[in-house]
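Structure record follows, encoded as structure tokens.
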Amino acid sequence: PADLHVKTAAGKRPEARVIVWSGAKHLGHERPTLALYSFLWNPLVLLHHLANGHNDILIGCALALAAYLVVTGRDVWVLPALAAAVMLKYAPVLLAPAALLYVCKRRGWKTAAVGCLLAALVVAAAAAPFLADWRQFRLEDIRDNATLIDNSLHSFLIHTYTNLARLVAPLTQFKEAVNAGIKTVLRVGFVLFLVVIHLRFLRRSSAGRLLELWALVMLVLMCVASSKFNAWYMGMLLPPALFLPERHWLRRLTLLV
């Protein structure tokens, strides 16, 4: 079964393995095949994305494509690649501001404008088949799903408080306030985090720092700030994280998680 899964990984996602390996090789990584191995043989990929069919790996592949376009200097296509990722799940939209800043500083506003236009075309092409039925969009369900408290740091903290309240009854009356406070701290903290790292990126921007920022934003969003976490979400983080140097702490942390 393991051999079958690995062949499936290579057969069903050739674009992903080529992007990961080529990106690592282009960046001069000491062992580019290690990035390929870490992707194709990763139990997360085999179990959650190939066997269970979660589409988060497609977002990861789109982000890996965006990273590959950055390191190979094809900057005009970076924003369209990010747009493709956003049309699968909306979390990668947080990566667009740094990408736009990078393209502007490296290629000028005209290239950035063309990139934005191409990204808009990607969004339009992806949305067009569904616009006729827009009244059937389950917006409330989408909102409720996005704010669900499950398996996350938020979940751990509020369930810890709930269990403590069972031992100390007066604490029960403050549960909603504590829950709101946790949510506020996590979200405000995340916004401040975004501001700080983007200001640092403005001072020193490079392809390597852009990839590092992307990987860090996604990791903090999924593993710290989000009220909901599922293991297959890491499929969004894994392919782009493999573009970082082999000994980079962020790559190693992503693989560890």
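The values are calculated or read from the model by the stated rules, or taken from the named source; none is laboratory data. Bear in mind that the values here come from a model prediction, so they are computed numbers and not experimental data. With ideal geometry, Cβ positions are generated from the backbone for all residues, glycine too; neighbour counts draw on all protein chains shown. For the accessible areas, the whole protein counts, side chains as well, though only heavy atoms, and no ligand, DNA or RNA atoms are used. Shrake-Rupley method; radii C 1.70, N 1.55, O 1.52, S 1.80 Å.
Looking only at segment 206-214, decide whether some residue is touching a residue at least 60 places away in the same chain (Cβ under 8 Å), among the hydroxyl-bearing types (Ser, Thr, Tyr) and not in a helix (DSSP H, G or I).
No, that holds for no residue.
Anything in segment 163-182 that is of a type in the set (Gly, Ala, Ser) and either open to solvent by 80 Å² or more (accessible area, probe 1.4 Å) or over 29 Å from the mean Cα position of the chain (by Cα) (or both)? List them, or say none.
ALA165, ALA169, ALA177
Every residue, every condition in (1) assigned to a helix (DSSP H, G or I); (2) over 20 Å from SER226 (Cβ atoms); (3) modelled with pLDDT of 90 or more; (4) charged (D, E, K, R), yes or no:
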| position | (1), (2), (3), (4) |
| --- | --- |
| LEU63 | yes, no, yes, no |
| ALA81 | yes, yes, yes, no |
| VAL93 | yes, no, yes, no |
| LYS105 | yes, yes, yes, yes |
| ALA119 | yes, yes, yes, no |
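Residue check, ALA16 against (1) at pLDDT 85 or above; (2) open to solvent by less than 10 Å² (accessible area, probe 1.4 Å), all met but one. Which one?
(1)
How about segment 100-119: which of its residues are aromatic (Phe, Trp, Tyr) and more than 21 Å from VAL86 (Cα to Cα)? Give the derivation first.
Restricting attention to segment 100-119, the residues satisfying the condition of being aromatic (Phe, Trp, Tyr) are 102, 109.
Listed by number, the list holds a single entry, TRP109.
Identify all residues within segment 113-157 that are free of Cβ contacts under 8 Å to residues at least 40 places away in the same chain and β-branched (Val, Ile, Thr); write none if there are none.
Within segment 113-157, VAL114, ILE142 meet the criteria.
Among the residues in segment 105-118, are any of a type outside the set (Asp, Glu) and touching a Ser or Thr at 6+ places or on another chain (Cβ under 9 Å)? Even if it seems obvious, please write down each step before you answer.
Going through segment 105-118, the residues of a type outside the set (Asp, Glu) turn out to be 105-118.
Among the residues that remain, those that are also touching a Ser or Thr at 6+ places or on another chain (Cβ under 9 Å) are: 105-106.
The answer is yes; a qualifying residue exists.
Taking the options PHE193, PHE156, PHE174, name whichever one is closer than 30 Å to LEU101 by Cβ and assigned to a helix (DSSP H, G or I).
PHE193
What do you reckon, is LEU221 open to solvent by 20 Å² or more (accessible area, probe 1.4 Å), in a helix (DSSP H, G or I) and either of a type in the set (Phe, Trp, Tyr) or closer than 19 Å to THR147 by Cβ (or both)?
Details: open to solvent by 20 Å² or more (accessible area, probe 1.4 Å): yes; in a helix (DSSP H, G or I): yes; either of a type in the set (Phe, Trp, Tyr) or closer than 19 Å to THR147 by Cβ (or both): yes.
So LEU221 fits the description; yes.
Quick check on my filter: what residues within segment 19-59 are open to solvent by 30 Å² or more (accessible area, probe 1.4 Å), of a type in the set (Gly, Ala, Ser) and part of a helix (DSSP H, G or I)?
Answer for segment 19-59, where residues must be open to solvent by 30 Å² or more (accessible area, probe 1.4 Å), of a type in the set (Gly, Ala, Ser) and part of a helix (DSSP H, G or I): just ALA51.
Limited to segment 109-162, what total is found for residues that are surrounded by fewer than 11 Cβ atoms within 10 Å (Cβ to Cβ) and of a type in the set (Gly, Ala, Ser)?
Looking only at that region, the number is 2.
Name the residue that is most open to solvent (accessible area, probe 1.4 Å), counting only residues in segment 67-78 that are touching a residue at least 24 places away in the same chain (Cβ under 8 Å), farther than 15 Å from VAL18 by Cβ and out of contact with any Lys or Arg (no Cβ under 8 Å at 6 or more places or on another chain).
Of all residues in segment 67-78, those touching a residue at least 24 places away in the same chain (Cβ under 8 Å) come to 67-68, 70-72, 75-78.
Still in the running and farther than 15 Å from VAL18 by Cβ: 70, 75-78.
Those left that are additionally out of contact with any Lys or Arg (no Cβ under 8 Å at 6 or more places or on another chain): 70, 77-78.
Values: VAL70: 3, TRP77: 131, VAL78: 1 Å².
The residue in question is TRP77.
Within segment 224-257, count every residue that is closer than 21 Å to ILE182 by Cα and either open to solvent by 20 Å² or more (accessible area, probe 1.4 Å) or part of a loop (DSSP other than H, G, I, E, B) (or both). Full working, then the answer.
Narrowing segment 224-257 to residues closer than 21 Å to ILE182 by Cα: 224-230.
Right, trim to either open to solvent by 20 Å² or more (accessible area, probe 1.4 Å) or part of a loop (DSSP other than H, G, I, E, B) (or both) and you get 224, 226-230.
Number satisfying all stated conditions: 6.
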